[in-house]
Each structure stands twice: as C-alpha cells, then as structure tokens.
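Participant: To start, I am sharing the structure in question, which I have written as structure tokens.
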Amino acid sequence: MTELEQKNQMVALASSLFNRGYSVGGAGNLSCRLDGGRFLVTPTGSSLGRLTAERLSVLDSDGKLLAGDKPSKESVFHLALYRKNPACNAIVHLHSTYLTALSCLQGLDPANALKAFTPYYVMRVGALPVIPYYRPGHPDIARELEARALTGRAFLLANHGVVVTGSDLTDAVDNTEELEETARLHFILRGENIRYLTDDEVNDLKNRGK
C-alpha cells in the first residue's frame, strides 16, 4: 500500500468510527507505521469525522514532525508502543462509550478488566489490562504502555478510554470494535448469571489464533 493509500485509508476508517458514534468531537486518535521508520498520526484536536489526507501528521521515530499538521499530544504513547513492539503496526485510541464507562468503574482487575464470555473477545483481544489514571498527555501513560507493550493487544486507561493495537489499521479498528461490543454486552449482562469461558476454552481459542 502506498503512503497516499494509507492516508486515505486512515481518513475513511476514522470517518466510519466517528459516524457510528465511536468517537465524538475532537476525541481519539489513530496511527500506523509508514515505510522508512516513519509514522502517520491524526493531528492534535482533530475530529475523526473531519480529517483530510494532506493534513495528517507524519513523524519520524523520535516524534519529529516531517509533514502535515501538529500531531496529537498522545502520539508519544503511540511511539512508545511501536518502539517496544515491532509486531504492532497500527493503534486506535478512543473514548468510546462503553469502554470509557468501564474505565471509570472501581475495583477492576488490573490484569484484565473484562473476563472472557465470548470467543470473539479472546480471539481479537485476549485480555484487557488496566493502566492507572494519569491526565491525558501525561508521559507516564507512555511509560506504562511501553512496559506492557508485549503483554497484549489492548489496554484500558483508567477514567479515560482504550488503546488497541493491530497488525495494520484495519485490524486495529476491527479489534477495537469487537472490544467495544464486548464492553457493551458486559453492561447489558450486569446482574445476570453469566457463563464465562473456562480456562481450557480460553486457551484453546488462544492456541488457534484469530
């Protein structure tokens, strides 16, 4: 895929997320790897529903702006994940309704905020570790994510939102959508007698992959 195709893909996927209510206002940001050790990131304060290809931020591996508008302040934690995990080629960060609601709950398991009750959650995400609360843009978010970069595909930022990785941008968006749907089902099923997947069932799914 050419660089222009990647830019157009980011604009289209971001617009789709916005139009379906996964993002509001100027919240959320996307990124992906480009060739030559560069990265494509949505600009600071931009709405995912109103992006243009020519204004997307192009950064080098140190975060220096090479082209486009000033990047999101949260590009720092995107770059931290890319540095630590070479298999990560794209990242979606959203304040989507159900995952953000989940992130505001007390007493979440720090190792996994959502216990598995569907196979799709396991195959797409596996587990959802919780990152302690820091204000948006705080450098410790990057530090925390970098330390956990090789432990999973998604991370819940306490009182903030979610960070989801993928093998490419389409994969990262698909993973995010599955995760948001799992969080929605979690709230729908609260108070019900849920049949959670057993450890053996979870391990079987993990061994099979996506």
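Participant: Just give me the residues in region 15-26 being open to solvent by 20 Å² or more (accessible area, probe 1.4 Å) and within 15 Å of the chain's Cα centre (by Cα), in sequence order.
Facilitator: Going through region 15-26, the residues open to solvent by 20 Å² or more (accessible area, probe 1.4 Å) turn out to be 15-16, 18-22, 24-26.
Those that are open to solvent by 20 Å² or more (accessible area, probe 1.4 Å) and within 15 Å of the chain's Cα centre (by Cα): Phe18, Tyr22.
Participant: Give Pro110, Pro43 a once-over and let me know the one that is closer than 29 Å to Phe187 by Cβ and either modelled with pLDDT of 95 or more or open to solvent by 50 Å² or more (accessible area, probe 1.4 Å) (or both). Reasoning before the result, please.
Facilitator: Details: Pro43 fails: closer than 29 Å to Phe187 by Cβ.
Within the list Pro110, Pro43, the selection yields Pro110.
Participant: Related question: Could you please give the count of residues in region 158-210 that are without any contact (Cβ under 8 Å) to a residue 40 or more places away in the chain and either basic (Lys, Arg) or closer than 15 Å to Gly28 by Cα (or both)?
Facilitator: 1
Participant: Might you let me know whether region 118-127 holds any residue that is touching a residue at least 40 places away in the same chain (Cβ under 8 Å) and among the aromatic types (Phe, Trp, Tyr)? So that I can check it myself, show each step before the final result.
Facilitator: Initial filter on region 118-127 (touching a residue at least 40 places away in the same chain (Cβ under 8 Å)): 118-126.
Now drop any that are not among the aromatic types (Phe, Trp, Tyr), which leaves 120-121.
Within region 118-127, one or more residues are touching a residue at least 40 places away in the same chain (Cβ under 8 Å) and among the aromatic types (Phe, Trp, Tyr).
Participant: Residues being more than 17 Å from Glu74 (Cα to Cα) and not basic (Lys, Arg): count how many of those fall in region 11-50. Write out each step before concluding.
Facilitator: Within region 11-50, the first condition is being more than 17 Å from Glu74 (Cα to Cα), and the residues that meet it are 11-13, 15-22, 34-37, 49-50.
Add one more test, that the residue is not basic (Lys, Arg), and what stays is 11-13, 15-19, 21-22, 34-37, 49.
Residues that pass the stated criteria total 15.
Participant: Do we find that Ser61 is in contact with a strand residue (DSSP E or B) (Cβ under 8 Å, 6 or more places away or on another chain) and either under 25 Å from Glu181 (Cβ atoms) or β-branched (Val, Ile, Thr) (or both) in this structure?
Facilitator: Numbers: in contact with a strand residue (DSSP E or B) (Cβ under 8 Å, 6 or more places away or on another chain): yes; either under 25 Å from Glu181 (Cβ atoms) or β-branched (Val, Ile, Thr) (or both): no.
No.
Participant: To continue, here is another question. If you go through region 86-96 one residue at a time, how many are within 14 Å of the chain's Cα centre (by Cα) and either among the hydroxyl-bearing types (Ser, Thr, Tyr) or surrounded by fewer than 22 Cβ atoms within 10 Å (Cβ to Cβ) (or both)?
Facilitator: Of the residues in region 86-96, the ones within 14 Å of the chain's Cα centre (by Cα) are 88-96.
Pick out the ones that are also either among the hydroxyl-bearing types (Ser, Thr, Tyr) or surrounded by fewer than 22 Cβ atoms within 10 Å (Cβ to Cβ) (or both) and you get 88-89, 95-96.
Final tally of qualifying residues: 4.
Participant: Among the residues of region 27-40, which ones are surrounded by 13 or more Cβ atoms within 10 Å (Cβ to Cβ), part of a loop (DSSP other than H, G, I, E, B) and free of Cβ contacts under 8 Å to residues at least 40 places away in the same chain?
Facilitator: First, pick out the residues of region 27-40 that are surrounded by 13 or more Cβ atoms within 10 Å (Cβ to Cβ): 27-34, 38-40.
If we keep only those that are part of a loop (DSSP other than H, G, I, E, B) as well, we get 27-28, 34, 38.
Passing the criteria: Leu34, Arg38.
Participant: In addition: Looking at region 57-84 only, could you name the residues that are touching a residue at least 24 places away in the same chain (Cβ under 8 Å), open to solvent by 30 Å² or more (accessible area, probe 1.4 Å) and not in a strand (DSSP E or B)? Give the derivation first.
Facilitator: Going residue by residue through region 57-84, those that are touching a residue at least 24 places away in the same chain (Cβ under 8 Å) are 58, 61, 66, 68-84.
Now restrict to residues that are open to solvent by 30 Å² or more (accessible area, probe 1.4 Å): 61, 66, 68-70, 73, 76, 83-84.
Result: Ser61, Gly68, Asp69, Lys70, Lys73, Val76, Arg83, Lys84.
Participant: Another one. What single numbered condition from (1) more than 13 Å from the chain's Cα centre (by Cα); (2) within 17 Å of Arg33 (Cα to Cα) fails to hold for Val164?
Facilitator: It is condition (1) that Val164 fails.
Participant: Within region 132-154, track down each residue that is farther than 18 Å from Lys73 by Cα and among the hydrophobic types (A, V, I, L, M, F, W, C). Working first, answer last.
Facilitator: Let us first name the residues in region 132-154 that are farther than 18 Å from Lys73 by Cα, namely 132, 147-154.
Passing the criteria: Ala147, Ala149, Leu150, Ala154.
Participant: Farther than 14 Å from Ile91 by Cα, over 16 Å from the mean Cα position of the chain (by Cα) and outside any strand (DSSP E or B), is that true of Gly49? Full working, then the answer.
Facilitator: Details: farther than 14 Å from Ile91 by Cα: yes; over 16 Å from the mean Cα position of the chain (by Cα): yes; outside any strand (DSSP E or B): yes.
Taking the combined requirement at face value, the residue satisfies it.
The values are calculated or read from the model by the stated rules, or taken from the named source; none is laboratory data. Only a predicted model underlies this, so the values are computations on that prediction, with no experimental measurement involved. Methodologically, a virtual Cβ is constructed for each residue, glycine included, from the backbone with ideal geometry; neighbour enumeration extends over all protein chains shown. SASA here: full protein model, heavy atoms, side chains in, ligands and nucleic acids out. Shrake-Rupley method; radii C 1.70, N 1.55, O 1.52, S 1.80 Å.
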